[in-house]
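Have a look at the structure below before the remarks.
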Amino acid sequence: MTKLLGVIAIATFALAIAPAQAAKHAMGGCSSANLEKTETAIENMADGDSKFVAQKEIAAAQDSLLNGKMTACGAHLNKAMHATMAK
């Protein structure tokens, strides 16, 4: 029973960490350079819902970066980048 609880705890931890790591690797991490690239892509977008969503996400990413929340920054940056690719 103890081994089963240990395995469940490890699996839960791994599942909690996986999305953050995927966002970090997909975007190359939260950095000023990645924020700048995404901002440029947003500026070149046509006005609409996707652009509005991307602007909100980039603002949240910048706020997270300034507050040292790198995982949250990466997640918001990833969402902003996906919004730039939406039709």
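Values in this text are rule-based calculations from the coordinates and carry no lab data. From a predicted model like this one, the values you see are computed outputs, not experimental measurements. FYI the Cβ positions are ideal-geometry reconstructions off the backbone, even for glycines, and counts take in every protein chain you see.
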Contour excess over end-to-end distance, with Cα ends at K56 and A86 and 0.36 nm allotted per residue: 9.3 nm
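Place the peptides 77-86, 33-42 in order of packing, highest mean first, counting for every residue the other Cβ atoms within 10 Å and averaging per peptide.
For the peptides 77-86, 33-42, the packing ranking is 77-86, 33-42.
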Charge tally in the Cβ shell below 11 Å around A80, where Lys, Arg are +1 and Asp, Glu are -1, A80 excluded: +2
